Amino acid sequence: MHKSLTGLWRHPDFLKLWAGETVSLLGSQVTFLALPLAAATTLEASPLQMGTLGTVQYLPWLLVGLLAGAWVDRSRRRPVMVAADLGRAFLLGLIPLAVLGGLLGMALLYAVGFLVGILNVFFEVAYAAYLPSLVPRDRLVEGNSKLQLSASVAEIGGPGLAGGLVQLVTAPFAIAVDALSFLVSALCLTWIRSREARAEPTDQPRFLLAEIREGLRLVFLNPILRAFALASVTTNFFVDMHLAVFVLFATRELGISPVGLGSLYGVGAVGGLVGSMSVGRLTQGLGLGRFLVAAQAFVTLAVFAIPLAGRHLWLIVVAEAMWGFAVVVYVINATSLRQATTPHEFQGRVAASLRFVTWGISPLGFLIGGILGETIGLRATLVVAGIGPLLSIVWLVLSPVPGVREVPPPQGPEAVEAEVG
């Protein structure tokens, strides 16, 4: 583990992780826009079909999320990430090939979305657990900030690139860029030289279900992690309702072109870039916990403002920028707090337990969003989706989160149970 006082700029293995993730995130931003556009424009999908497409991409978190967490904690995380990158590259490459063969249809998009979703589960769980084994604990906020900086840059450049590619070569062929980006990510991960420690051996027999229960218990007994889970599950449900119909709303009711939609996302992501660069100073000034609550409040305000902006696109751009800023600073602080307070041997299970709960709700959010889009209309669905996240602020305010000033030490299940008792 590199412990240079000069920070992570001179940590070669972190820089390899950062480079690979940056390229992968840029490609993923292309698919984030191109996949729904392939359904909406190439295949003329209905709101319900759009909601279903989102549902199948997140359904794997419900099906294999907890299993992935326990399994990742038994193995080294980097090989899991490499295998997931290679698998995603292959699956996404099937979409442009299907166009060439005249085989593209919603069934194929559903299948690719679902299988890529499974690989996303294993990659994300391994990735969330890997960083604390690569960098020192006191560099986690710096590491997460740099990784989130890449996400913000990708969100700025990616949608514009996606919009241009969709206009130039159509949405299915734009997805090929993401397939190539996963190959680059796998190569960068392979170049990392730091040896990753395995979980400590134990004389006790290990059972997957028991280990899954340990991860869930650690999340829901810890009042801070429990608050994160409840706030995120509330926000994600309504945000995914929003995402289920927003591309249709933007392209069909507002008449925004693929390039314009990409630019809208890109300009909004500037807020995320600002957030990733300023999160350290802002957190020190306001305090970690209170800053988390404030960030969540801004996310809620932004989601609610978008459908109320009418045809004033500049208001939507402002809301997207505020959304990007708030999401980034929330994620950086919440992730750093979770990583630092979780013992190494529980990193995968805690990450998987949180995402099982918070992302496992996404299939229902997308499905309800698609159904509401069919029945009450696209704008009305966005209004409903904007009201719901208010409850997420309540979960945080009623928890110990507002009083957290700095990162506490790691606590295992026994320590948390003793503290609760």
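FYI, it's all coordinate maths here, none of it is from the lab. Everything numeric in this text was worked out from a predicted model, so none of it was measured. Every residue, glycine among them, receives a Cβ derived from its backbone with ideal geometry; neighbour counts consider all protein chains shown.
Of the two radii for the stretch 30-80, the radius of gyration is 1.19 times the Kirkwood radius, both from the alpha carbons; that is the Rg over Rh value.
Return the FRET efficiency for the residue pair L180, R379: r is the Cβ-Cβ distance, R0 is 30 Å, and the value is rounded to the nearest 0.05. Please report the intermediate quantities before stating the final value.
Values: r = 37 Å, r/R0 = 1.23.
After rounding to 0.05, the efficiency reads 0.20.
In plain terms, the residue of H312, H242 with the fewest other Cβ atoms within 10 Å comes first and the most crowded comes last, giving H312, H242. Projecting the Cα atoms of L115, L17, P47 onto the dipole axis of the chain, where Lys and Arg carry +1 and Asp and Glu carry -1 at the beta carbon, places L17 farthest toward the positive end.
Spin-label pair L391-W9: with each label point 7 Å from Cα along the Cα-Cβ axis, the two points sit 4.6 nm from one another.
Remind me, what semi-axes does the stretch 256-316 give for its equivalent ellipsoid, largest first in whole Å, using sqrt of 5 times each Cα gyration tensor eigenvalue? Could you put the intermediate results ahead of the total?
Numbers: eigenvalues 149, 45, 9 Å².
Semi-axes (√(5λ), whole Å): 27, 15, 7.
Estimate the FRET efficiency between R193 and D138 by the formula 1/(1 + (r/R0)^6), using the beta-carbon distance for r and 22 Å for R0, to the nearest 0.05.
Values: r = 22 Å, r/R0 = 1.00.
So the FRET efficiency works out to roughly 0.50.
From helices alone, the chain scores -27000 deg cm²/dmol at 222 nm; the rule is -39500 (n - 2.57) for each run of n ≥ 4 DSSP H residues, then divide by the residue total. Within the stretch 112-147, list the residues whose amide N lies under 20 Å from a label point set 7 Å along Cα→Cβ of R74. So the set is 118-130. Measuring r between the beta carbons of S257 and A83 and using R0 = 56 Å, the FRET efficiency lands at 0.90.
Given the stretch 1-124, report the % of alpha carbon pairs whose separation exceeds 27 Å. Value for the stretch 1-124: 31 percent of Cα pairs lie more than 27 Å apart. Label sites at F220 and Q167, each approximated as a point 7 angstrom past Cα along Cα to Cβ, lie 5.0 nm apart. The ellipsoid equivalent to the alpha-carbon distribution of the chain has semi-axes of 32, 25, 21 angstrom, derived from the gyration tensor eigenvalues as √(5λ) and listed largest first.
In the chain, the longest principal axis of the Cα atoms and the axis of helix 288-308 are about 10 degrees apart.
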